[in-house]
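Chemist: This structure is in structure tokens; I'll ask about it shortly.
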Amino acid sequence: MITYPFEYKRASSVAEAVSMLAEGGKALSGGHSLIPSMKLRLNMPDALVDVGRIPELKGISMDGDELVIGAGSTHADIADSQLVKEKLSLFAEGAAHIGDPAVRSRGTIGGSLAHADPSADWPALVLAANATIVVTGPNGERSIPSTDFFTGLFSTALNDDELITKIRVPVSAGSKSTYQKFAQPASRYALVGCAIVKQADGQVSVAFSGVSDAPFRDTDVEKNLNSGQEAGPVGKGQSIMSDNFASEKYRVHLASVYLQRALEAVA
Ligand SMILES: Cc1cc2nc3c(=O)[nH]c(=O)nc-3n(C[C@H](O)[C@H](O)[C@H](O)COP(=O)(O)OP(=O)(O)OC[C@H]3O[C@@H](n4cnc5c(N)ncnc54)[C@H](O)[C@@H]3O)c2cc1C
């Protein structure tokens, strides 16, 4: 399907991208979500600001006890990073679950978080890991805790003129983590994705993708598990999705099964 005419601009720095976004348009990173949605006319920006070649958005490093991932890192960069494997294997494991090799080599963590598809994998991973999303806009930089970032179906706390620049993730010694995903067989998106981080003292954080119309930390399940009880029902108070692939009832059932698998993996 051919898209409509639009303006294309390429930014060479974060500052340039922010000033271009202030004139209107949308950031283009790997293009693996934005371009398909433009072809379907679900998204019709007048201009695209290509942020795919900005050096400041690349790179993965440690800063004290935080792993810092540039928003322009591709899923493959993260899946293959030795540093990520050593410091936060959850992210390498999760990134390796995304789509297929073509998607992983173009799609970026920043693009995925900004797009906020309810079935995407990164949202559950950043939520369980207590990550912070760092963004830059006309008024400078701000840091958004991942628990405040996802505000609903395909919506986030990001303003139109802001760019995600990096993701900061605390790394703690002795923690264990896992991502357990039931993938839709054609797209590989999560019908259910459950991410768990278990700290050395046994306290867990539990997040889900694919279950509700927005990714979420299951604070009821966390409270139960962290006080030594059974997990209890998953997704209490959430707006559970239902579609051709999985009914509401089936999704909740799958979520419980994948939660148990995740708990066994970190036991
Ligand atoms: C066949 C296929 C299978 C897929 N399977 C999966 C899967 O299994 N799991 C999964 O999680 N995802 C999957 N995806 C989605 C894929 O991971 C996308 O690459 C990702 O969601 C978007 O990243 P992108 O870099 O391509 O962003 P783009 O498509 O370039 O942009 C997406 C949105 O993010 C905004 N944006 C991009 N970068 C930034 C930034 N730095 N700051 C602010 N806003 C920004 C854009 O303006 C746009 O609104 C799949 C996609 C395809 C085509």
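The values are calculated or read from the model by the stated rules, or taken from the named source; none is laboratory data. Not measured: the values here are computed from a predicted model. Here the Cβ is made from the backbone with ideal geometry for all residues, glycine too, and neighbour counts use every protein chain on show. Just the protein is used for accessible areas: all its heavy atoms, side chains included, with ligands, DNA and RNA removed. Shrake-Rupley method; radii C 1.70, N 1.55, O 1.52, S 1.80 Å.
Chemist: Given the options A27, A17, name the one that is at pLDDT 95 or above and outside any strand (DSSP E or B). Full working, then the answer.
Modeler: Working: A27 fails: outside any strand (DSSP E or B).
The conditions single out A17.
Chemist: Yes or no: L67 hydrophobic (A, V, I, L, M, F, W, C) and near the ligand (Cβ under 8 Å from one of its atoms)? Steps first, please.
Modeler: Numbers: hydrophobic (A, V, I, L, M, F, W, C): yes; near the ligand (Cβ under 8 Å from one of its atoms): no.
Against the criterion (hydrophobic (A, V, I, L, M, F, W, C) and near the ligand (Cβ under 8 Å from one of its atoms)), L67 does not qualify.
Chemist: Any chance region 46-56 includes a residue that's away from the ligand (no atom under 14 Å from the Cβ) and touching a residue at least 12 places away in the same chain (Cβ under 8 Å)?
Modeler: no
Chemist: Restricting attention to region 211-249, which residues are farther than 23 Å from V197 by Cβ and open to solvent by less than 10 Å² (accessible area, probe 1.4 Å)?
Modeler: Within region 211-249, just A246 meets the criteria.
Chemist: Follow-up. Looking only at region 26-70, which residues are touching a Lys or Arg at 6+ places or on another chain (Cβ under 8 Å) and open to solvent by 30 Å² or more (accessible area, probe 1.4 Å)?
Modeler: Passing the criteria: H32, N43, R53, M62, D63, E66.
Chemist: Tell me, yes or no, whether region 247-265 has at least one residue that is at negative phi and touching a helix residue (DSSP H, G or I) at 6+ places or on another chain (Cβ under 6 Å).
Modeler: No, because not a single residue in region 247-265 is at negative phi and touching a helix residue (DSSP H, G or I) at 6+ places or on another chain (Cβ under 6 Å).
Chemist: Now for a separate question. Name the residues in region 185-199 that are within 11 Å of the ligand (Cβ to nearest atom) and not in a loop (DSSP other than H, G, I, E, B), would you?
Modeler: Within region 185-199, A190, L191, G193 meet the criteria.
Chemist: Name the single residue that is farthest from the ligand (Cβ to nearest atom) among those in region 141-184 being open to solvent by less than 80 Å² (accessible area, probe 1.4 Å) and of a type in the set (D, E, K, R).
Modeler: Per the stated criteria, the residue is R168.
Chemist: Return the residue satisfying two criteria in turn: it lies in region 14-41 and is within 12 Å of the ligand (Cβ to nearest atom) and hydroxyl-bearing (S, T, Y), and of such residues it is farthest from the chain's Cα centre (by Cα).
Modeler: Among them, the one singled out is S37.
Chemist: Can you say whether A207 is outside the structural domain of A128 (by TED's automatic domain parsing) and assigned to a loop (DSSP other than H, G, I, E, B), as far as the supplied structure shows?
Modeler: Here the answer is no, as A207 does not meet what is asked.
Chemist: Taking into account only those residues within region 3-25 that are within 18 Å of I164 (Cβ to Cβ) and of a type in the set (V, I, T), which is surrounded by the fewest Cβ atoms within 10 Å (Cβ to Cβ)?
Modeler: Among them, the one singled out is V14.
Chemist: In addition: Here's a check for you: in region 71-84, which residue that is open to solvent by 20 Å² or more (accessible area, probe 1.4 Å) and aliphatic (A, V, I, L, M) is nearest to I54 (Cα to Cα)?
Modeler: The selected residue is A76.
Chemist: Additional query: Any chance region 250-267 includes a residue that's surrounded by fewer than 19 Cβ atoms within 10 Å (Cβ to Cβ), modelled with pLDDT under 95 and touching a strand residue (DSSP E or B) at 6+ places or on another chain (Cβ under 6 Å)?
Modeler: Checked against the condition, which is being surrounded by fewer than 19 Cβ atoms within 10 Å (Cβ to Cβ), modelled with pLDDT under 95 and touching a strand residue (DSSP E or B) at 6+ places or on another chain (Cβ under 6 Å), region 250-267 yields no hits at all.
Chemist: Given the criteria open to solvent by less than 50 Å² (accessible area, probe 1.4 Å), touching a residue at least 24 places away in the same chain (Cβ under 8 Å), over 18 Å from M20 (Cβ atoms) and part of a helix (DSSP H, G or I), does P118 qualify? Don't jump to the end; show me each part of the working.
Modeler: Values: open to solvent by less than 50 Å² (accessible area, probe 1.4 Å): yes; touching a residue at least 24 places away in the same chain (Cβ under 8 Å): yes; over 18 Å from M20 (Cβ atoms): yes; part of a helix (DSSP H, G or I): no.
Considered against the rule, which asks whether it is open to solvent by less than 50 Å² (accessible area, probe 1.4 Å), touching a residue at least 24 places away in the same chain (Cβ under 8 Å), over 18 Å from M20 (Cβ atoms) and part of a helix (DSSP H, G or I), P118 comes out as no.
Chemist: Pick out the one residue from G152, G111, G137 that is outside the structural domain of S205 (by TED's automatic domain parsing), under 23 Å from M241 (Cβ atoms) and touching an Asp or Glu at 6+ places or on another chain (Cβ under 9 Å). Break it down stepwise before answering.
Modeler: Details: G111 fails: touching an Asp or Glu at 6+ places or on another chain (Cβ under 9 Å); G137 fails: under 23 Å from M241 (Cβ atoms).
Step by step, each of G152, G111, G137 is checked, and only G152 is outside the structural domain of S205 (by TED's automatic domain parsing), under 23 Å from M241 (Cβ atoms) and touching an Asp or Glu at 6+ places or on another chain (Cβ under 9 Å).
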